[in-house]
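Just so it is clear, none of the values below were taken in a lab; they were calculated from the coordinates. Model, not experiment: these values are computed from the prediction. When we count neighbours, we look across all protein chains shown, and the Cβ atoms used for this are built from the backbone with ideal geometry, even at glycine.
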Amino acid sequence: MLKRHQLLQNKLRQFGFITQNAALLNQLEMMERIVPTDISVLITGESGTGKNILAEYIHKNSPRKNNNFITLDVGCLSPQIIESELFGHVKGSFTSAVSDHKGAFERAQNGTIFLDEITELDLNLQKKLLRVLEDKVIRRLGGEREIRLDLRIITATNKDIRQLVKSGKFRQDLYYRLNETTVHLPPLRERPEDIGPICQFFLDIYNKQYAKKISSVSTAAMSLMQDYSWPGNIRELRNVIKSATALSKREVLWIEDLNIFSKSTADTNPQFNGIKPLDTLEKEYLLYALKIFDGNKTKTAQALDISRPRLQRILERHKIAE
Ligand SMILES: Nc1ncnc2c1ncn2[C@@H]1O[C@H](COP(=O)(O)OP(=O)(O)OP(=O)(O)O)[C@@H](O)[C@H]1O
Ligand SMILES: [Mg+2]
């Protein structure tokens, strides 16, 4: 581990962001240089990779930290609602506007606005957002008064935004505005070295919450987790550790405590219709069988119709022996 990364890792940890991945740390180190500026940041990455934490980290380490950090999740709102949530409205501007409403832009004044799932913004609102970023003024819906804005914008998406630009679904000029810097958070399956430290981080949290004393994860359980594809990324890992901690009565987490089944696609070969190497399949199947039999090797060997020593040898070959 590089010394220069340690300071950054400690800072990130205070925000609940754990990583040892060198490529990600290098990227975050570059990001550190623009954290104190007003440069807009686009955070990309699959669901559950920590985009929200990172957006807050940027705000809280910037000179704007004592002002508001306003999040608006564009993905879960209709275009009409987004517009009035962004810009605000004055009483009577539409039927349900029963009073004046301050929008997210105004509430983020002097602070940071974080627009999550930005690619869900329709083309009409994309145009309006671009104008706001260029003119730095807004008017509430139905309002006359111009409000001058001073804020930073951070956006996030789990989609391939460049592809959406190419296919005309996302404005290129807006993309360039939002993407003065990009941070890409790789999926958990591409940084297996992070699984151990993140597990430990969650164990500490849930041990306290559930008054447990789980100190570690068994080799087989770790191996299962290393092989798993984690479609829900760190959010899924958190939930797996949370329920395992709540349910386990031991001091070590075993395979049967983990509510996952290895569906690793990392080794599939797209050239061959996604067929997996036999060796990969054998390992996954073994882990699956062990899980079904609560880690009991005698029962697992019986079910697989092989002797117990033979099972042991195969487990050792796959480095999943206890
Ligand atoms: N590097 C990390 N270390 C520890 N916990 C993390 C890390 N990244 C994410 N988490 C945890 O995973 C969960 C999901 O994180 P977050 O909400 O930031 O993800 P996201 O990328 O915004 O997901 P979505 O695309 O679904 O909105 C949170 O509980 C967060 O604390
Ligand atoms: Mg998010």
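What to note about this one:
- Cα gyration tensor shape of region 190-317, rounded if a/c is under 1.5, else prolate or oblate by comparing a/b with b/c: oblate
- With Cα atoms as the point set, the radius of gyration and Dmax of region 3-186 evaluate to 17.0, 60 Å.
- All lysines inside 21 Å of LYS242 as judged from Cα atoms, apart from same-chain residues fewer than 8 positions distant: LYS51, LYS208, LYS212, LYS213, LYS263, LYS291
- The GNM of the chain, with springs linking C-alpha atoms under 10 angstrom apart, assigns the highest mean-square fluctuation among ARG308, ARG177, ARG191 to ARG308.
- Tensor-based shape of region 47-87 (alpha-carbon gyration tensor, a/c under 1.5 rounded, otherwise prolate or oblate): oblate
- Net charge of Cβ neighbours under 12 Å - reference THR112; Lys, Arg +1; Asp, Glu -1: +2
- Among beta bridges from DSSP that stay inside region 3-186, the antiparallel ones total about 15%.
- Coil-residue trypsin sites (Lys or Arg not before Pro) of region 45-95, DSSP, other Cβ within 10 Å capped at 15: LYS65, LYS91
- Hull shadow area, averaged, region 130-264 [alpha-carbon convex hull, nm²]: 12.7
- At most 12 other Cβ within 10 Å, DSSP loop - chymotrypsin sites (Phe, Trp or Tyr not before Pro), region 36-139: PHE94
- Over region 75-127, equivalent-ellipsoid semi-axes from the Cα gyration tensor in Å: 19, 16, 8
- Cα-Cα pairs of the chain separated by more than 30 Å (percent): 48
- Estimated [θ] at 222 nm from DSSP helical runs (n ≥ 4, -39500 (n - 2.57)) normalised by residues in the chain, nearest 500: -13500 deg cm²/dmol
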